[in-house]
Amino acid sequence: MEKLDLTKIYKSYYTAKTKPEAVTIDTAQYLSITGKGDPSDKLFAENIEALYSVAYTIKFSFKALNKDFVVAKLEGLWWFDEKKYKNISISDSPKLIPRSEWEYRLLIRLPEFVSKADIDSAIKIVLEKKWIQKAKLIELFKMEEGKVVQMLHIGPFDKEHETLLIMTEFIKEHNFLKNGLHHEIYLSDFRKTEPAKLKTILREPVK
């Protein structure tokens, strides 16, 4: 039986051009965990470990039911305290906001047939068999982004501001207003891919 692959079913969701464009994103459901701090810190790695442990536990439970699927790409919503850091643009924020001040919600998109009960069951298994306590923080998260401006960033994360600057100009030209959290989809495995070859979809919800 062929595995369900969300990147093939929702090609437009996992695709972006190397120039900014406005697209509409439908509602989707995700496995999710929130945190705060530098992505290079141990806490961030622990959150990813917990998220993937639960994701693969769900996958294998459905594989046993002949409903196997490919675990989707890692994604992240990112934000900071806008009262503390006032009037900082999207493109300047990566340079001006300390990495320790960023909050995030890590996401892995799930097939529509996965329920909250399935997630709760997988969390219980991970806690009992792998003793990964951060699994307690994982939840089902649904998101409807609607209209976004997106662009494919190729290269290291510390160069994202260059792509965001192009996106910011596009947003201004079209008189769009901010309407949600900065969203990244990691098409590359950043643990194994050299920085210059990383591919990341950057999205900014607008109205």
remark   = N179 neighbourhood, Cβ < 12 Å, K/R = +1, D/E = -1, net charge +1
inquiry  = If you take Cα extents along the principal axes in Å from the coordinates, which of (i) 44, 36, 35; (ii) 57, 32, 31; (iii) 51, 34, 32 do you get?
reply    = (iii)
task = Please report how far the C-alpha centroid of region 83-104 lies from that of region 1-21, rounded to the nearest whole angstrom.
result = 29
remark   = When the charge dipole of the chain is computed with +1 at the Cβ of Lys and Arg and -1 at the Cβ of Asp and Glu, the Cα pointing farthest to the positive end, of S121, F44, T193, is that of S121
inquiry  = Going Cα to Cα from K197, which lysines come in below 20 Å? Please leave out same-chain ones fewer than 8 positions away.
reply    = K17, K19, K73, K159
query = Where does each of H182, H174 land when they are ranked from fewest to most other beta-carbon atoms within 10 angstrom?
reply = H174, H182
query = Which distance in nm do the two modelled labels at K197 and T27 give, with both placed 7 Å along the Cα-to-Cβ direction?
reply = 4.0
query = Looking at H174, S93, M151, which one has the Cα that reaches farthest to the positive end of the dipole of the chain (charges on Cβ: Lys, Arg +1; Asp, Glu -1)?
reply = M151
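Any chance you could run the full-extension gain for I154 through N175? It's 0.36 nm times the residue separation minus the Cα-Cα distance, nm to one decimal.
Values: separation 21, 0.36 × 21 = 7.56 nm, distance 2.61 nm.
Working it through step by step, the gained length comes to 4.9 nm.
Which ordering of I154, I138, I33, I9 is given by a fewest-first count of other beta-carbon atoms within 10 Å? Spell out each step's value before the answer.
Numbers: I154 14, I138 25, I33 22, I9 11.
By the 10 Å Cβ count, ascending: I9, I154, I33, I138.
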request  = Using the Karplus curve 6.51 cos²θ - 1.76 cosθ + 1.60 with θ = phi - 60°, work out ³J(HN,Hα) for each residue of region 80-88 in order, rounded to whole Hz, and write x for Gly and Pro.
outcome  = 9, 6, 6, 6, 6, 10, 7, 6, 9
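Let's see if you can work this out: charge +1 on each Lys and Arg Cβ, -1 on each Asp and Glu Cβ, no other charges. What is the dipole magnitude of the chain about its Cα centre, in debye to the nearest 20?
Numbers: 35 positive and 31 negative charges, 61 e Å.
So the dipole magnitude of the chain works out to roughly 300 debye.
Among all stretches of the chain without exposed GluC sites (Glu not before Pro) (DSSP loop, at most 16 other Cβ atoms within 10 Å), which one is longest? Don't skip to the end; give the middle numbers.
On the way: sites that count: E2, E82, E112, E144.
Within the chain, the longest run free of exposed GluC sites (Glu not before Pro) spans 3-81.
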note = The helix 116-129 Cα axis meets the longest alpha-carbon principal axis of the chain at an angle in degrees, between 0 and 90 and rounded to 10, of 70
request  = For every helix of n ≥ 4 consecutive DSSP H residues, a contribution of -39,500 (n - 2.57) applies; sum these over the chain, divide by its total residues, and give [θ] at 222 nm rounded to the nearest 500 deg cm²/dmol.
outcome  = -8500 deg cm²/dmol
task = May I ask you to sort T7, T24 by Cβ crowding, counting other Cβ atoms within 10 Å and putting the fewest first?
result = T24, T7
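Computed from the coordinates by the stated procedures, all read-outs in this text should not be read as laboratory data. It should be emphasised that the depicted structure is a prediction, and the values quoted were computed from it without experimental measurement. Virtual Cβ from ideal backbone geometry, glycine too; neighbours counted across all protein chains shown.
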